[in-house]
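Data first, discussion second: the structure below is written as structure tokens.
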Amino acid sequence: MATVVLTTLNSRYTHSSLALRYLFANMKELQSSTCILEFTINESIQSIAEALLDQEPQIIGIGVYIWNASEVHALMEILQKIAPHIRIVLGGPEVSHEPFRIAFDRADVIIQGEGDLAFYATCKKLLSHTPLPKIIPPSVVDLATITLPYDYYTDEDIANRYIYVEASRGCPFSCEFCLSSTDDKVRNFNTDLLLEAFERLWQRGVRNFKFIDRTFNLNIRIATRLLDFFLSKPPPYFAHFEVVPDHFPHTLKSKISQFPAGALQLEIGIQTLNPAIALTIDRPLQLEKIKSNIRFLEKETSAHLHLDLIVGLPGESLQSFADNLNLLCSLSQSEIQIGILKKLSGTLMHRHDAQYGMIYSDTPPYDILQNTLLNYKEIQKMKRFARFWDLIYNSGNFANTFTLIHKNSTVFDGFYALSDFIYMQTNSTWKIALDRLNTLLFEYFTSVCNYDPHEVAATMVQDILSVKGRALPKVIAPYCNTPKTARTTAISAHNKRQQKHT
């Protein structure tokens, strides 16, 4: 039983909530009567409510995000009907900025902004029946006053989930599509205390550190110390950082080049490579530096890159996006995540609505439906493009096969045509098995592109049989003089997807 239950609905079981552990770490004398219960958005809402009610809590604190806002709304409805005496406290990005796109009226208190210390104070007042406002406005927390949360990852977390960490909060940039642009400044945690906490995690068996800092490489001194921590450890391990694309001085490049393959992933938010569009959304863009840094990271380091592009930015045409994608593919063989523009409360994207005819969905994830340059049909096609791109290009399952897609065209044009073909055959973007996808690709290359089936099969078999246990689809087998199942050794490292790109 617990007086206070901290909970959220993660998008996947392998994800863990760093925010809940911050709250738990700072509960002071209430910590012994507080527990964390995490769920996923795929679980039954009624079963989640049952598990929460089994604790017989007086207060339930729920983390609300864009991916679980609708589910939290449904969960609160059940909790209020069954146990109206329980006080519900909401926090997280989805309730930190108004207007709320989903009604959260059933909550007793909404804590906006950083809740590390505010949640404890709120619980104290609720338990003593002290009056509280419905909404507690955001305040900037002194990071030196926060108890770090890393000792509260459980052994189960370490064995089965990503371990999220952070060395700083905030972002110095003002990109209008991003909530981080509302932060006043970048604040850093005490690096000595942080490294001590990371060492304890390492001793407990953590080998997968995912940093959520927006600008990891902004402070080179701190970034260097963190990289040195990992360089001092024996592989295998995996560290993920979000980095600014145009800030890689020699010191940082030297450190990154020392990491072994499979140990380091850098997420680089490109979003657009069109200077005019970047100016429109107030995003700094030093194009030549970005291109130079990506080339360096791609050619002279073993770091796996995860590059981001956005579809639907105000003023960006389909051709402009195509140019972005073609350029990135010429610079890097790593993952390129294609996202669809979202209009988040608290950002300044609304100022473009009239000029560019920006129309968004009013339900999560609040994605773009149409604008003056991309109509609804084109946006729908690009959403399918993004999904198939992830299945084919980003998965790493088709490294050799991908060259056939743009054999006689640009990357974008070739994949756009393939995306249309796959959707026409499946009428779906989900639950397409790998064998089915291989069959569709073979049919596309041979019947639409009129490529020689023996040449297509020779290329595709390199990918299909690259991992032990895979078998050739029936449509391909007659054109191959190879074993029907793979005899090669399966990839053994814990970052299989990244290794497929190397």
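The values are calculated or read from the model by the stated rules, or taken from the named source; none is laboratory data. Please read these numbers as outputs of a predicted model, since none were measured by experiment. When we count neighbours, we look across all protein chains shown, and the Cβ atoms used for this are built from the backbone with ideal geometry, even at glycine.
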Taking only pairs six or more apart or across chains, which ones have beta-carbon atoms under 7 Å, a first residue in the stretch 316-336 that is without any contact (Cβ under 8 Å) to a residue 40 or more places away in the chain, and a second residue that is acidic (D, E)? S332/E298
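Please state which one of I78, I48 is outside any loop (DSSP other than H, G, I, E, B) and touching a Leu at 6+ places or on another chain (Cβ under 8 Å). Break it down stepwise before answering.
Values: I78 fails: touching a Leu at 6+ places or on another chain (Cβ under 8 Å).
Every option except I48 fails the conditions.
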Can we say F415 is buried (at least 19 other Cβ atoms within 10 Å of the Cβ) and either of a type in the set (D, E) or under 29 Å from the mean Cα position of the chain (by Cα) (or both)? yes
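Can you name the residue in the stretch 248-272 that is surrounded by fewer than 18 Cβ atoms within 10 Å (Cβ to Cβ) and of a type in the set (S, T, N, Q) and, of all such residues, is modelled with the lowest pLDDT? Even if it seems obvious, please write down each step before you answer.
The initial filter retains those residues of the stretch 248-272 that are surrounded by fewer than 18 Cβ atoms within 10 Å (Cβ to Cβ), namely 249-251, 253-254, 257-258, 260-261.
Filter once more, so that each one left must be of a type in the set (S, T, N, Q): 251, 254, 257-258.
Details: T251: 92, S254: 96, S257: 97, Q258: 97.
Per the stated criteria, the residue is T251.
Quick one: how many residues across the stretch 431-461 are assigned to a helix (DSSP H, G or I) and exposed (fewer than 14 other Cβ atoms within 10 Å of the Cβ)?
Initially, the stretch 431-461 is screened for residues assigned to a helix (DSSP H, G or I), giving 434-448, 453-461.
Imposing the further condition that a residue be exposed (fewer than 14 other Cβ atoms within 10 Å of the Cβ) reduces the set to 447-448, 454-455.
Result for the stretch 431-461: 4.
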Determine the pairs where a residue that is farther than 22 Å from V95 by Cα, located within the stretch 344-357, has a partner that is surrounded by fewer than 14 Cβ atoms within 10 Å (Cβ to Cβ) with Cβ atoms under 6 Å apart, the partner being 6 or more residues away or on another chain. Y356/T372; G357/T372
The stretch 349-396: number of residues that are in contact with a Lys or Arg (Cβ under 8 Å, 6 or more places away or on another chain) and not hydroxyl-bearing (S, T, Y): 10
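Listed here are the residues, each with its yes/no results for (1) touching a Lys or Arg at 6+ places or on another chain (Cβ under 9 Å); (2) within 27 Å of A197 (Cβ to Cβ).
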residue: Q31; (1), (2): no, yes
residue: I36; (1), (2): yes, yes
residue: I48; (1), (2): no, no
residue: Q55; (1), (2): no, no
residue: G63; (1), (2): no, yes
residue: A69; (1), (2): yes, no
Which pairs have Cβ atoms under 7 Å, sit 6 or more apart or on different chains, and link a residue in the stretch 369-397 that is among the hydroxyl-bearing types (S, T, Y) to one that is at pLDDT below 95? S395/R497
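Among the candidates L90, L20, single out the residue that is closer than 27 Å to L179 by Cβ and part of a strand (DSSP E or B).
Working: L20 fails: part of a strand (DSSP E or B).
Only one candidate passes the filter, namely L90.
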Conditions (1) crowded, with 16+ Cβ neighbours inside 10 Å; (2) in contact with a Cys (Cβ under 9 Å, 6 or more places away or on another chain): number failed by F198: (2)
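Against the condition touching a strand residue (DSSP E or B) at 6+ places or on another chain (Cβ under 7 Å) and modelled with pLDDT under 95, how does S345 come out, does it pass? Working first, answer last.
On the way: touching a strand residue (DSSP E or B) at 6+ places or on another chain (Cβ under 7 Å): no; modelled with pLDDT under 95: yes.
Considered against the rule, which asks whether it is touching a strand residue (DSSP E or B) at 6+ places or on another chain (Cβ under 7 Å) and modelled with pLDDT under 95, S345 comes out as no.
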Considering only helices (runs of 4 or more DSSP H) fully contained in the stretch 311-406, which possess at least 3 residues that are touching a helix residue (DSSP H, G or I) at 6+ places or on another chain (Cβ under 9 Å)? 318-331, 376-389, 402-405
Scan the stretch 328-347 residue by residue and report those that are surrounded by 18 or more Cβ atoms within 10 Å (Cβ to Cβ) and closer than 19 Å to N293 by Cβ. L328, C329, L331, S332, S334, E335, I336
I'm told V311 meets every condition in (1) out of contact with any Ser or Thr (no Cβ under 6 Å at 6 or more places or on another chain); (2) surrounded by 16 or more Cβ atoms within 10 Å (Cβ to Cβ); (3) free of Cβ contacts under 8 Å to residues at least 60 places away in the same chain except one. Can you identify the failing condition by its number? (3)
If only one of D108, D142 is outside the structural domain of L18 (by TED's automatic domain parsing), free of Cβ contacts under 8 Å to residues at least 60 places away in the same chain and either on the phi < 0 side of the Ramachandran plot or crowded, with 20+ Cβ neighbours inside 10 Å (or both), which one is it? D142
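Each row is one residue, and each column tells you yes or no for (1) assigned by TED's automatic domain parsing to the domain that holds I66; (2) surrounded by 17 or more Cβ atoms within 10 Å (Cβ to Cβ); (3) without any contact (Cβ under 8 Å) to a residue 40 or more places away in the chain.
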| site | (1), (2), (3) |
| --- | --- |
| D116 | yes, yes, no |
| C123 | yes, yes, no |
| L127 | yes, no, no |
| Y153 | no, yes, no |
| E156 | no, no, yes |
| A167 | no, yes, no |
Has the stretch 142-153 got any residue that is closer than 24 Å to N10 by Cα, of a type in the set (D, E, K, R) and assigned to a helix (DSSP H, G or I)? yes
Among (1) under 15 Å from I340 (Cα atoms); (2) of a type outside the set (S, T, N, Q); (3) assigned to a helix (DSSP H, G or I), which single condition is F415 missing? (1)
Taking the stretch 452-475 and keeping residues modelled with pLDDT of 90 or more and among the hydroxyl-bearing types (S, T, Y) leaves T459
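Based on this model, can you work out whether L9 counts as assigned by TED's automatic domain parsing to the domain that holds T122, under 19 Å from G115 (Cβ atoms), assigned to a strand (DSSP E or B) and touching a residue at least 40 places away in the same chain (Cβ under 8 Å)? Show your work before the answer.
On the way: assigned by TED's automatic domain parsing to the domain that holds T122: yes; under 19 Å from G115 (Cβ atoms): yes; assigned to a strand (DSSP E or B): yes; touching a residue at least 40 places away in the same chain (Cβ under 8 Å): yes.
Taking the combined requirement at face value, the residue satisfies it.
May I ask you to say which residue of F388, F402, F398, F421 is under 17 Å from I310 (Cα atoms) and surrounded by 15 or more Cβ atoms within 10 Å (Cβ to Cβ)?
F388
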I'd like to check something: does the stretch 183-197 contain any residue that is out of contact with any strand residue (DSSP E or B) (no Cβ under 9 Å at 6 or more places or on another chain) and closer than 24 Å to G262 by Cβ? yes
